[in-house]
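Only one structure is covered here, and it is reproduced in the block below.
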Amino acid sequence: MFDLNGKVAIVTGGSRGIGRATALALAERGAHVVVGFATSEAAAREVVTEIEGSGGRAEAVRLELSDPAATTAALTEVARRHGRVDILVANAGISIDALLLRLKDEDLDRVLAVNLRGAIACARAVLKPMMRARGGRIIFVSSVVGEAGNAGQTAYAASKAGLLGAAKSVAREYASRGITVNAVTPGFIETDMTASLPGEIREASLQGIPLGRFGAPAEIAAAIVFLASDEAGYVTGHVLRVNGGMYM
């Protein structure tokens, strides 16, 4: 099950956290993985080295998601070199937190540009090769915050909620071409981003998780691998919650 041999997969934000775990999981199942990064080139190359050390295939590609033209050019070049793109995991994201009255316009613009516009630009860039192949998998990594909201995270929540609408709309547009589009909404996952949160916020979050623990990046990666596989061929426009019961 979940055999991805011969597939080309792009993972944005693939150098750490959920992206890194996803890149490793896709490679383990045979995909050639393009590890997208914005600034962490050294970390991205470490992921590539780890994949290659396990017998897999991977490469690192710089993706500045706040620049749609540059993003499109980079992904078009990936498709040209490999002759195909089978899987896109739009995972990269940033968070600039503030109560709405203190949220700066430039910070709102930056979060939306990377998290929402950047993900949509990636999807648009891979649609042509997927349409030619009459098949493909697009997976947006959203967040439980995009469904439930969270005080102090208006910008982040809006960007992640937007991905849910985008996933369902693009799923309707391209289902006839054999392309599925889905979203995953992780809950509180142990990553660099969440590790920087104050202790009291972490403890309060833990109290709201029925399973009583934080998730691991590999658990999100496992959900993504399923949605990327042939076995998920009849799943599209779906929001897959992986949050320990934090939001139902």
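The values are calculated or read from the model by the stated rules, or taken from the named source; none is laboratory data. This structure is a prediction, so every number in the text was calculated from the model and none was measured. No Cβ is skipped: glycine too gets one built from the backbone with ideal geometry, and neighbour counts run over all protein chains shown. Just the protein is used for accessible areas: all its heavy atoms, side chains included, with ligands, DNA and RNA removed. Shrake-Rupley method; radii C 1.70, N 1.55, O 1.52, S 1.80 Å.
Taken as a whole, the stretch 130-150 holds at least one residue that is modelled with pLDDT of 95 or more, open to solvent by 30 Å² or more (accessible area, probe 1.4 Å) and either within 19 Å of Thr71 (Cβ to Cβ) or in contact with a Cys (Cβ under 7 Å, 6 or more places away or on another chain) (or both).
A single member of Gly233, Gly187 is at pLDDT 95 or above, farther than 29 Å from Leu127 by Cβ and either open to solvent by less than 60 Å² (accessible area, probe 1.4 Å) or in contact with a Pro (Cβ under 7 Å, 6 or more places away or on another chain) (or both), and it is Gly187.
Return the residues of the stretch 47-63 that are buried (at least 16 other Cβ atoms within 10 Å of the Cβ) and under 20 Å from Ala90 (Cα atoms); say none if nothing qualifies. Correct list: Val47, Val48, Ile51, Ala58, Glu59, Ala60, Val61, Leu63. Looking at the stretch 193-212, can you tell me whether even one residue there is buried (at least 19 other Cβ atoms within 10 Å of the Cβ), of a type outside the set (Lys, Arg) and under 24 Å from Ala27 (Cβ atoms)? The answer is no; no qualifying residue exists. Within the stretch 102-128, the set of residues being basic (Lys, Arg) and under 20 Å from the mean Cα position of the chain (by Cα) comprises Arg110, Arg117, Arg124, Lys128.
Looking across the stretch 159-184, just one residue is of a type in the set (S, T, N, Q), closer than 22 Å to Ala113 by Cα and surrounded by fewer than 19 Cβ atoms within 10 Å (Cβ to Cβ), and that is Ser169. Among the residues of this structure, Arg172 does not count as one that is charged (D, E, K, R), touching a strand residue (DSSP E or B) at 6+ places or on another chain (Cβ under 9 Å) and part of a strand (DSSP E or B). The selection criterion, being under 29 Å from Glu28 (Cβ atoms) and in contact with an Asp or Glu (Cβ under 7 Å, 6 or more places away or on another chain), does not hold for Gly93.
The listed residues are Ala69, Ala31, Ala38, and the only one of them that is over 21 Å from Val225 (Cα atoms) and surrounded by 16 or more Cβ atoms within 10 Å (Cβ to Cβ) turns out to be Ala38.
Of the residues making up the stretch 184-194, those that are within 18 Å of Gly244 (Cα to Cα) and either touching a residue at least 40 places away in the same chain (Cβ under 8 Å) or small (Gly, Ala, Ser) (or both) are Val184, Thr185, Pro186, Gly187, Phe188, Ile189, Thr191. Would you say Ala90 is open to solvent by 10 Å² or more (accessible area, probe 1.4 Å), touching a helix residue (DSSP H, G or I) at 6+ places or on another chain (Cβ under 8 Å) and on the phi < 0 side of the Ramachandran plot? So Ala90 does not fit the description; no.
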